[in-house]
Amino acid sequence: SKLAALFEHPLYNIPIPEVTEKDKLFVVNPTEKFSLRSSGSDEWVSSSKAETLLPTGKTAYDTYPAWLKFHVGINRYELYPRRDPLMPTLLRDLATQRVVSSVQKSGGTQLKLIMTFPNYGQALFKPMKQTRDQETPIDFFYFSDFERHNAEIAAFHLDRILDFRRIPPVSGRLVSITKEIRDITTDKKLAKTFFISPAGNVCFYGECSYYCSTEHALCGKPDRLEGSMAALLPDKTLAKRRSWRSPWRRSYHKNKKAEWELNPNYCAQVRETPPYDRGHRLLDLIDMTVLDFLMGNMDRHHYETFEKFGNDTFLLHLDNGRGFGTHSRDEPSILAPLRQCCSIKKSTYLRLQLLATQPYRLSDVLREALATDPLAPILAEPHLRALDRRLGKVLAVVGRCLAG
């Protein structure tokens, strides 16, 4: 396995700093058990009262479901550890757990659902909009592109292979539109949008600002629909997140250019602006730029951080559905932060160089990682080949910076 060999490599075993209590997102009472005795709410109930004694040798933590262990494990330095024994269980839960509730997620431009499991875990479901081999039409603006379920799945694995580990776990899943959405939804607006197509398939379209109409309905075969299931981050009431506007945000206008597209010295002013004037925030943003260029994602207008950790923490790479839309062309403007700042983390650069070598070729390790997903194959071969080509272009930009 090339993937196993990659994760054994010394560059994937650089230790993170020691995690103290203040570096953890949550400080957990070690005697609190997880109880499924609902108090009538949709929240899990924690109980210090020993309603049932724990089996010998077990700790309270052992009673937590995988999603809660994932939340408890988040710290200042990483969303989940490199060698996370939890990951296979968490991905399996996303793909197989019974869905007890499906409601539309508010906000956003396209239809997404929040699905809840019997153990109170929740996932964000993005339905399939186009087939694996369809490319985004050349005349589409980036802001009117479809969001792709397979891009969300591939982005999670790519982010992990780059050793960023800043995207919450995502699994593919085949859902029943009738049993797992229509019959159990309490969302009245969503419920009104179900219909049977002339071909006898179950369809729905929800309510949103793009592509939520009869013409853009999501239809099953006859009621089966592919989608991505992303583990939700802790509720914002428990762990506040801060949203930051990217300095290299696009104009989201058909005719206007953003300032960074007009000013070649734009990075100099970014470096003087908080929070980019100290710490590793700018380098973290350039990591995200590399990820986006490899995926072809032009839609990174904002990013988030956990408020508890201030400026000294990683960026969350959320919402990757507009990646992997084209394989036949690359978008060099995505690399503007790298090109204009001529800065990159040494560890990131060394890993990118490693992924360009034959034993650890990026397309090979990602293909292997994606083969374990229930909806495999996730990416068409041309997309995997495009990754190797784009990786070469990233290394060329860094090479020019080093030479300059």
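The values are calculated or read from the model by the stated rules, or taken from the named source; none is laboratory data. It should be emphasised that the depicted structure is a prediction, and the values quoted were computed from it without experimental measurement. Backbone-built Cβ (ideal geometry, glycine too); neighbour counts: all protein chains shown. The accessibility values were calculated without ligands, DNA or RNA, using every heavy atom of the protein model including side chains. Shrake-Rupley method; radii C 1.70, N 1.55, O 1.52, S 1.80 Å.
Would you list Lys192, Lys345, Lys112 from the most to the least accessible area, probe 1.4 Å?
Output order, biggest surface exposure first: Lys192, Lys345, Lys112.
Mean-square fluctuation check for the chain, GNM, Cα pairs under 10 Å: which of Asp319, Asp277, Asp159 is largest?
Between Asp319, Asp277, Asp159, it is Asp277 that shows the largest mean-square fluctuation.
Give, in nm to one decimal, the length gained when the segment between Lys24 and Ser333 is fully stretched (0.36 nm per residue of separation minus the Cα-Cα distance).
The span from Lys24 to Ser333 would gain 107.6 nm if fully extended.
Which of these, Arg165, Arg92, Arg271, has the largest mean-square fluctuation under a Gaussian network model of the chain (Cα springs below 10 Å)?
Maximum fluctuation in the GNM of the chain, among the listed residues, is at Arg271.
I need to check one value: relative contact order of the chain, counting alpha carbon pairs closer than 8 Å and at least 6 residues apart, in percent.
Worked out over the chain, it gives 17 percent.
Compute a Gaussian network model of the chain, connecting alpha carbons closer than 10 Å, and tell me which residue from Asp187, Asp163, Asp84 fluctuates the most.
Asp84
How big, in percent, is the set of alpha carbon pairs in the stretch 324-365 lying more than 16 Å apart?
It works out to 57 percent of all Cα pairs.
Could you pull out which residues in the stretch 299-328 have an amide N less than 15 Å from a spot 7 Å beyond the Cα of Leu283, following the Cα-Cβ vector?
The answer is 312-315.
I'd like the FRET efficiency for Ser343 and Lys192, computed as 1/(1 + (r/R0)^6) with the beta carbon distance as r and R0 of 60 Å, rounded to 0.05.
0.75
If the only charges are +1 at each Lys and Arg Cβ and -1 at each Asp and Glu Cβ, what is the size of the charge dipole of the chain around the Cα centre, to the nearest 20 debye?
300
Considering the values [x] 1.09; [y] 1.76; [z] 0.96, which represents Rg/Rh (Cα atoms, Kirkwood Rh) as calculated for the structure under consideration?
From the options [x] 1.09; [y] 1.76; [z] 0.96, the structure gives [z].
Any idea what Rg and Dmax come out to for the stretch 241-403 if you just take the C-alpha atoms, in Å?
Using the Cα atoms of the stretch 241-403, the pair Rg, Dmax is 16.3, 46 Å.
Work out the charge dipole of the chain with +1 on the Cβ of Lys and Arg and -1 on the Cβ of Asp and Glu about the Cα centre, then indicate which of Pro274, Ile334, Gly227 is farthest towards its positive end.
Ranked along the dipole, the leading option is Pro274.
What is the distance in Å between the Cα centroid of the stretch 62-126 and that of the stretch 148-206?
That distance is 14 Å.
In whole percent, how big is the carbon plus sulfur part of the accessible area of the chain, probe 1.4 Å, protein atoms only?
Carbon and sulfur together cover 54 percent of it.
Could you give the accessible area per residue of the chain, probe 1.4 Å, as a whole number in Å²?
47
In whole Hz, what ³J(HN,Hα) sequence does the stretch 8-18 give by Karplus (6.51, -1.76, 1.60; θ = phi - 60°), x for Gly and Pro?
7, 4, x, 5, 9, 10, 6, x, 7, x, 4
Is it possible to state the helix-based mean residue ellipticity at 222 nm for the chain, with each DSSP H run of 4+ residues giving -39500 (n - 2.57), the sum divided by total residues, to the nearest 500 deg cm²/dmol? What is it?
Calculated mean residue ellipticity at 222 nm is -8000 deg cm²/dmol.
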